[in-house]
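Below is one structure, written out as structure tokens, with a few remarks after it.
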Amino acid sequence: MTVAVDRVDLPDHWRLSWQDVDPAARPAFDPAGVAELVRGLPPAADVPPADADWRLVSFWFDRMTEALIDRLGDWVVGWPYTIAMEDYRGRGVVPVWRSAARLVTTPEETLARLAADVVAWHELLVEIATDARGRFSAGAPAGDGAPPAWRVVQGPDRIAVHIDRWDRTGPSPYRLTWAETDASLDPETVPAVVRAVLSAQEIPAQEADWRIKDLWLDSISAGLIDRYGSWAVGWRWSVGEGDLDGGPVGAWCCFRHSVTTPEATADAIHAALVEWRDWLDDLAERFDRFLPVENLDGWERAVAHLVTAVGDRTQYESAWYGCCETVLRWFLEAAGVDPARHEELLDHAIGGRFHSWVEPPREVVESVAEDVARRVAGG
């Protein structure tokens, strides 16, 4: 598969006017010829394999949509959608736009389904032009000459429902166990390893599509994990609104700010990995100060200390509480608390009491610590 990296900017289908989508404006449109048209589009030669990463699949569908727009016009951007009037969750009968992430199978099947979706979208617009089946027009607001059905389905009461069929799970510091962080790092080895990982594929340009850049970042993580172990995934858990949001790493921010020349990028990755390892080693030392936890007071002191340590490290920036919850979960694991209880303990204890860009008052930290301690000790 050839991967183009240029950004794809598609029209916002919510902003399309009736003039943009009116089937009367395209009398030469031939539904019977859409399948052949789709097969002849340049991206059709690069259908991703069925096991391709979801970002490559999503990007390919956007490229196909871009090519369809170039041939057929902006109206075709709505091909992933269906519309129906539904009594939706107490909102009354409203127009519900539905779409689902498209999966790929064989190239023939994938292209055929796309062509069928384009034809179905065209036919839906033909129906909306007159609402011959009476599905949409009831209660249409006054408008600007657009068909009543279009004014209804594009009205303020509409609902959009998207079903994500892709598996987006992947390596993440949030999913690390404390046992997986038990490793050592020789900083002397890092520069060579980083250079080897970077040389495996070209760094995308800053103007590349975000999915291509995101996939590249994951490939860097995969290379570091392959060399050092799963703990290395946290190298880009940056402070504030960076790649992973709310982490303890200051040497890395995000693709936009941290990727420059190959040499400087390698230096930034090196520094970030070492900083992340230092943080894990620092946590291990902090854990050792409190373990084993023998009483309620010990739990309170440990939790309050760790919350403050995480806050200081993350500067209480965006989503810092995610790092806090992870560190507390690791401490529960290190203390031998049943993993099945971790989520419940932390949900009850923290319960939305920590917020982005806000250092919690001391009494809140103490209350969280007391709550965790009481629930752990209560068994």
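Points worth noting:
- Along the chain, longest interval not containing exposed GluC sites (Glu not before Pro), exposed being DSSP loop plus at most 16 other Cβ atoms within 10 Å: 1-201
- Listed values (1) 1.08; (2) 0.96; (3) 1.02, entry calculated as Rg/Rh (Cα atoms, Kirkwood Rh): (1)
- Relative contact order for the range 204-285: 22 percent, from Cα pairs under 8 Å spaced at least 6 residues apart, divided by residue count.
- For Ala132 and Arg15, the FRET efficiency from 1/(1 + (r/R0)^6), where r spans their Cβ atoms and R0 equals 25 Å, is about 0.40.
- Pairwise label distance in nanometres, Glu294 with Ser367, each label 7 Å out on the Cα-Cβ vector: 3.2 nm
- Between Val161 and Trp210, the contour length at 0.36 nm per residue exceeds the Cα-Cα span by 15.3 nm.
- Computed E for Arg374/Thr106 - FRET, C-beta separation, R0 56 angstrom, nearest 0.05: 0.45
- Taking the range 11-119 and dividing mean pair separation by its residue count, relative contact order in percent (alpha carbons under 8 Å, at least six apart): 32 percent
- Length gained on full extension, Ile69 to Ala183, computed as 0.36 nm times the residue gap minus the Cα-Cα distance: 35.9 nm.
- Under the criterion of Cα pairs below 8 Å and six or more residues apart, the relative contact order for the chain equals 13 percent.
- Looking at the chain, the DSSP beta bridges with both ends there are about 55 percent antiparallel.
- Around the Cα centre of the chain, unit charges on the Cβ atoms of Lys, Arg, Asp and Glu (plus for the first two, minus for the last two) sum to a dipole of about 940 debye.
- Dipole-positive endmost among Pro141, Trp237, Thr260 within the range 138-273 (Cβ charges, Cα centre): Pro141
- Summing charges over neighbours of Thr177, with a neighbour being any other residue whose Cβ is under 15 Å away from its Cβ, gives -3 when K and R count +1 and D and E count -1.
- Label-to-label distance for Gln201 and Ala32 is 4.4 nm, based on points extended 7 Å past Cα in the beta-carbon direction.
- For the range 13-163, the antiparallel share of DSSP beta bridges with both residues in that region comes to about 55%.
- Each part reduced to its alpha carbon centroid, the range 289-335 and the range 71-115 end up 46 Å apart.
- Computed [θ] at 222 nm, deg cm²/dmol, the chain (DSSP H ≥ 4; -39,500 (n - 2.57); rounded to nearest 500): -16000 deg cm²/dmol
- For Glu86, net neighbour charge (Lys/Arg +1, Asp/Glu -1) across residues whose Cβ lies under 13 Å away: +3
- Long-range amide H partners of Val161 with built H, under 5 Å: Trp97, Arg98, Ser99
- Other residues with beta-carbon under 12 Å from the beta-carbon of Val47 carry, at +1 per Lys or Arg and -1 per Asp or Glu, a net charge of +1.
- Subtracting the Cα-Cα distance of Thr169 and His257 from their residue separation scaled by 0.36 nm leaves 29.2 nm.
Each reported figure results from applying straightforward, stated rules to the coordinates on display, with no laboratory input. All figures in this text were calculated on a predicted structure; none of them were measured in a lab. Every residue, glycine as well, gets a Cβ built from its backbone with ideal geometry; the counts of neighbours run over all protein chains shown.
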